[in-house]
Structures are given as C-alpha cells and as structure tokens.
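S.K.: Please see the structure below; I have some questions.
The values are calculated or read from the model by the stated rules, or taken from the named source; none is laboratory data. Source: prediction; values computed, not measured. A quick note on method: Cβ atoms are made from the backbone with ideal geometry, for glycine too, and the neighbour counts reach across all protein chains shown. The area values use the complete protein model at the heavy-atom level, side chains included, leaving out ligands, DNA and RNA. Shrake-Rupley method; radii C 1.70, N 1.55, O 1.52, S 1.80 Å.
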Amino acid sequence: MKILVTGGAGFIGGNFVHYMIHKYPEDEIVNLDLLTYAGNLETLKAVEDKPNYKFVKGDIADREFVFALFEREKFDVVINFAAESHVDRSIKNPGIFVQTNVMGTVVLLDAAKTYGVKRFHQVSTDEVYGDLPLDRPDLFFTESTPLHTSSPYSSSKASADLFVMAYHRTFGLPVTISRCSNNYGPYQFPEKLIPLIISRALDNEELPVYGKGENVRDWLHVEDHCAAIDLIVRNGRVGEVYNIGGHNERTNLEVVKTILHALGKPESLIRYVTDRPGHDMRYAIDPTKMETELGWKPKYVFDTGIQQTINWYLENKEWWEHIISGEYSQYFEKMYGDKL
Ligand code: NAD
Ligand code: DAU
C-alpha cells in the first residue's frame, strides 16, 4: 500500500510515521508537510533513511502542487493530520485555520476523488462536540453528539469534517473520520499544556494555569491514538466516525501537580493567569464503538503514560531545547504577555 500522511512532521503525524514504518515495512509512506512552526524534521531522524519512507515539503492547500503529487505517486490511502492545531493561536489569528484546516482539506478531498484513492481518513478532534458541564460526570461525547464548536480552531475542524462527509455522500469517496481527545507523549510541541509544563518546570519558570485550573481534559497517549487510526484505516467502515479516548479525565491542575510531583518541583511555580476566552470546560469520550467494533483497547492509563512522557522529555532535552531556543523563544511573551 502507498500511504500519504500529511502533517507527518508534527506531533501526532510524526508518531504515526514512526509507528507505521516499523509495523508495515512493506507499505510505502510519503510524508507531506509544510514545516510550519509546528513541523520539525528532527522528529523523523530515525526514519529518514528507511527505504519505505519519503518526505515532501509542501502545502496541502496548494492545489496545483497537491494534484501533481497525487498524479505522480498514485496513493492508495490518504491520512490527513496536517492542520493548525493550537486553540490559543486560533484566537489570535483565525484566518490561517480556515486556510489550512478547511481549504487544505478540500484540496486533498478533490485530489483523492480525482485520483481514486481507496480510503481518505480525516484526523479530527473531540472539540467539534463543544464541551460538557463539570457537574454531569455521567455525560460523554458519542459519535452522534451534535457538532457545537467554541473556538475558531474547533469550528475549522468541524467544517472540514462536514466537507469530508459531503464528499462521501455526494461523490461516493470512501472516507472515515476519527475524533480523539487530548493527546500526550513524545515529540509534542511545547506550546501544549503537558510539554509546556514539563519544559518550564525543568527550567524553574512559572507555570501558567488558565482560570482556576478546573477544566477537564480526557488524556490519550499518542501511541494508543496511532494504533486506533491504523485499525480504522484497515478495518473501519466507510462513511463512519469513530471516537477515540481512554477514560483518563483529569483537571488541568491535577495534571500540573502530577508533573511537579514527578519532577520534585514546588507547587509555588504555578501562576494562575487570565482564562482562555470561550474556554471549554470538560471533554470526555465514549469509546464504545472503537472497542466493540474494532477491538481497540488503549495500552496506557494516564499514570503510566505521563511518567513515560516525563522520562522522554528528560532523556530528549535536546529535541525540545532546540525548539525553545528558536522561533519559540519570543512566543511565550507574545501569547502570554496580556494574560499575566
Ligand atoms: P501539530 O501542530 O503538532 O502538527 C501539525 C503539522 O501539520 C505540522 O507538522 C505542520 O508543519 C503541518 N502543517 C500545518 N499546516 C500545513 C499545511 N498547510 N500543509 C502541510 N502541512 C501543514 O498538530 P498535532 O497535535 O500533531 O495534530 C495533528 C492532527 O490531530 C490535527 O489535525 C489536529 O487537529 C488533530 N488532533 C490533535 C489533538 C492533540 O491533542 N494534539 C487531539 C485531537 C485531534
Ligand atoms: O481535545 C483535543 C484537542 O486537544 C486538540 O484538537 C487540539 O489540537 C489540542 O491542542 C488540544 O486542545 P486543548 O486546548 O485542550 O489543549 P492545550 O494543551 O492547549 O490545553 C489543555 C488545557 O490546559 C486547556 O484546558 C487549556 C489549559 N492550559 C493550556 C495552556 C497552553 C493552561 O491552563 N495553560 C496553558 O499554558
């Protein structure tokens, strides 16, 4: 099989490339990535010389370029990870989220339709369902929960999902969509909560917690996410949505304190800052469909996964220090200057 992975220089796409290259040496992986601030080829060092792997730099929203690539490569499967992925950035600059997440997805869908790919898989998010109240722990997102978005990011992802479904119904394109909860694990860009807290705590810097830190996220180890996508692409039913999550709900404050405790750092590093506008309260996935239909089961619970992740950041300081010393060095001031 020849598989196009878009956004494979990012966090989840990068982990997925590693996963696939090792699990299926007979398959060919082409990684198309624009290398925005979030794309990092250092993540892919261990696979760059593998005979079944190729990197191509380009924009999923560049129609001419994408069509030429599909014409040349004749992909069997397309898995679209490429996106602008950070909610806070979408609040500062929504336009690029429409361009990449919506327009880029439509360009890929058109190319997939024109060149007859056998499966188009869209990597979506549980944020398309909006949020759940804190006082109703009995409620979970299922695949039939209505789309009800809060941020420019989640609105762009929901729009993309609607286009994916429209291409299935109108043109018969064989699509699947996965919607997963917050990922964590190796190679996550240190703008997201867990790597931000680990890297800043190690440098004894203050740790920004939005509002009261009571918002709840349902944490999924990236390796469990990769295994789930692999299952959906191989065995999932065309035209279906699959929710991915492992029942690992934690408040943000619990997550931050767990990390501080594991690193032996004081809670006095915590700094409560102005809340994110429109901040979703709670995400929680019901993964019954993945479990019963595809036999998926996560390997990690949060307590083991977070320890493995902390160890990875301790053992791979060079990877994140290169990021922090580059473009990202001005980022903290730019994003948090008016929150502090
Ligand atoms: P990321 O920001 O780490 O990586 C995104 C990658 O896409 C980067 O390598 C970037 O260079 C690339 N990219 C951006 N614009 C592009 C363009 N126009 N053309 C080609 N490449 C482009 O994101 P991530 O956290 O790995 O998320 C991957 C996907 O999973 C996204 O679609 C995101 O919406 C979804 N998702 C993420 C999470 C999470 O917790 N991180 C959870 C649910 C869903
Ligand atoms: O649920 C899936 C989504 O998870 C993905 O679709 C997004 O791509 C991904 O970025 C993530 O979105 P969140 O907004 O939940 O992730 P983030 O790491 O930005 O924030 C996690 C929680 O921590 C959220 O409640 C906001 C809070 N937070 C975040 C940062 C960066 C803080 O309190 N302080 C911070 O500095």
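S.K.: How many Å³ per residue does the convex hull of the Cα positions in segment 1-146 occupy?
M.R.: Hull volume normalised by residue count: 141 Å³.
S.K.: Okay, next question. What angle do you read, to the nearest 10 degrees and between 0 and 90, between the alpha-carbon axis of helix 193-202 and the longest principal axis of the chain?
M.R.: 50 degrees
S.K.: On to the next question. Work from the charge dipole of segment 124-176 (Cβ charges, +1 for Lys and Arg, -1 for Asp and Glu, about the Cα centre) and give the residue of 129, 173, 153 farthest towards its positive end.
M.R.: Selected residue: 173.
S.K.: Looking at this model, which pairs from 157/289; 45/317; 2/54; 92/334; 45/334 are more than 19 angstrom apart at the alpha-carbon?
M.R.: Distance filter (> 19 Å) returns 157/289; 45/334.
S.K.: A follow-up question, please. Which one, 67, 283, 100, is farthest towards the positive end of the dipole of the chain when Lys and Arg carry +1 and Asp and Glu -1 on their Cβ?
M.R.: 67
S.K.: What translational diffusion coefficient, in µm²/s and rounded to a whole number, does the Stokes-Einstein relation yield for segment 106-164 at 10 °C and a viscosity of 1.306 mPa s, taking the hydrodynamic radius as the Kirkwood radius over Cα pairs?
M.R.: Roughly 121 µm²/s, to the nearest whole number.
S.K.: For the chain, report the accessible area per residue in Å² (1.4 Å probe, heavy atoms, rounded to an integer).
M.R.: Per residue, the chain has 41 Å² of solvent-accessible surface.
S.K.: Once amide H atoms are placed 1.01 Å from N in the peptide plane, what residues at a sequence separation of 5 or more from residue 249, or on another chain, have their amide H within under 5 Å of its amide H?
M.R.: Correct list: 219.
S.K.: While we're here: State the percentage of accessible surface on the chain attributable to carbon and sulfur atoms; use a 1.4 Å probe and exclude ligands, DNA and RNA.
M.R.: 52 percent
S.K.: Hey, another quick one. Starting from the exponent 0.38 and prefactor 2.2 Å, build the expected Rg for segment 220-260 from its residue count and divide its actual Cα Rg by it.
M.R.: Cα Rg divided by the expected 2.2 N^0.38 Å: 1.59.
S.K.: For segment 156-314, what D do you get in µm² per second when you plug the Kirkwood radius from alpha-carbon pairs into Stokes-Einstein at 25 °C and 0.890 mPa s?
M.R.: Estimated diffusion coefficient is 143 µm²/s.
S.K.: What FRET efficiency would be calculated for the residue pair residue 271, residue 299, taking the C-beta separation as r and a Förster radius of 30 Å, to the nearest 0.05?
M.R.: E(calc), rounded to 0.05, equals 0.30.
S.K.: Now a separate question. Could you check the simple spin-label distance between residue 317 and residue 254, using points 7 Å along Cα→Cβ, in nm with one decimal?
M.R.: 3.1 nm
S.K.: Please report, in Å, the Rg and the Dmax of the chain, where both are computed over Cα atoms only.
M.R.: Both quantities, over Cα of the chain: 19.2, 57 Å.
S.K.: Follow-up question, since we're still on this one. Report the residues of segment 263-286 in range of a label on residue 338: point 7 Å along Cα→C-beta, backbone N strictly under 12 Å from it.
M.R.: Inside the label zone: 277.
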